[in-house]
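Notes for the one structure printed next.
The values are calculated or read from the model by the stated rules, or taken from the named source; none is laboratory data. Predicted model only: the values in this text are computed from it and were never measured. Every residue, glycine as well, gets a Cβ built from its backbone with ideal geometry; the counts of neighbours run over all protein chains shown. What goes into the accessible areas is simple: the full protein's heavy atoms, side chains included, and nothing from ligands, DNA or RNA. Shrake-Rupley method; radii C 1.70, N 1.55, O 1.52, S 1.80 Å.
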Amino acid sequence: MEELYINESNERVQIIEKMLTYKISLENSHGDLVEELNKHYNQINKSSTDDLNGFIDVEHVSYENPYEAYLITQIKIVEFLPHVIAEYIHKLNVGEDIDQVLELFELDVFHVKRDIYSDLSEWEILLDHITEERISEIICNPKGHGDLILKEIIWIKKYEEKLLKKGT
């Protein structure tokens with residue numbers, strides 16, 4: 001059996017490539033998400049706009065419309081996360097410690113997601129009424145936009161617990 005060996009340089013390059021691919025993917029999805037939300041608004045007789053400022057903010061989106069909430073949260077993620085990713089790609093490029101960079105990157109992703117999903121308190125309350133079995137299903141095999149939102153909120157809550165255990 002051949003032993004797999006990845007030196008730090010190769011590992012760094014692989015991480016940078018994955019982060020860059022993710023960043024580009026996020027940036028490329030922005031137009032499609034905005035278009036999809038615009039079509040949704042047209043279908044429910046709300047005014048159409050190409051300017052994101054004209055869309056309803058997350059704080060006004062309830063659990064009654066998971067499709068709209070999902071699209072808006074994804075648009076916000078696409079707006080904020082690429083800048084975070086670029087910052088950490090730069091840190092890796094200048095030779096900062098890989099483990100430390102990845103740990104801080106995960107923390108910053110948590111902050112971005114927590115800020116975006118913080119206005120969806122109804123969804124957090126909904127989680128309190130879901131069985132552990134259903135939560136496991138949502139994590140492993142989300143079905144629909146509501147499950148995708150819940151999966152993100154579950155990740156946020158688990159990360160918060162992890163931070164509390166660390167004492168951060």
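Filter the stretch 141-156 down to the residues that are open to solvent by 40 Å² or more (accessible area, probe 1.4 Å) and in a loop (DSSP other than H, G, I, E, B), then identify the one that is nearest to Glu68 (Cα to Cα).
Lys143
Does Ile138 meet the test of being in contact with a Pro (Cβ under 7 Å, 6 or more places away or on another chain) and either open to solvent by less than 40 Å² (accessible area, probe 1.4 Å) or modelled with pLDDT of 90 or more (or both)?
Working: in contact with a Pro (Cβ under 7 Å, 6 or more places away or on another chain): no; either open to solvent by less than 40 Å² (accessible area, probe 1.4 Å) or modelled with pLDDT of 90 or more (or both): yes.
For Ile138, the condition - in contact with a Pro (Cβ under 7 Å, 6 or more places away or on another chain) and either open to solvent by less than 40 Å² (accessible area, probe 1.4 Å) or modelled with pLDDT of 90 or more (or both) - is not met.
Condition check: open to solvent by less than 60 Å² (accessible area, probe 1.4 Å) and either closer than 23 Å to Lys23 by Cα or not aliphatic (A, V, I, L, M) (or both). Does Lys91 satisfy that? So that I can check it myself, show each step before the final result.
Working: open to solvent by less than 60 Å² (accessible area, probe 1.4 Å): yes; either closer than 23 Å to Lys23 by Cα or not aliphatic (A, V, I, L, M) (or both): yes.
Against the criterion (open to solvent by less than 60 Å² (accessible area, probe 1.4 Å) and either closer than 23 Å to Lys23 by Cα or not aliphatic (A, V, I, L, M) (or both)), Lys91 qualifies.
I need every pair where a residue in the stretch 94-108 that is among the charged types (D, E, K, R) has its Cβ under 7 Å from the Cβ of a residue that is assigned to a helix (DSSP H, G or I), sequence separation at least 6 or different chains.
Asp108/Val84
Are any residues in the stretch 100-129 open to solvent by 40 Å² or more (accessible area, probe 1.4 Å) and not in a helix (DSSP H, G or I), and if so, which ones? Can you show your working first?
The first filter runs over the stretch 100-129 and keeps only residues open to solvent by 40 Å² or more (accessible area, probe 1.4 Å), leaving 100, 102-104, 106-108, 111, 114-115, 118-119, 121-122, 124-126, 128-129.
Matches in the stretch 100-129: Ser118, Asp119, Asp128, His129.
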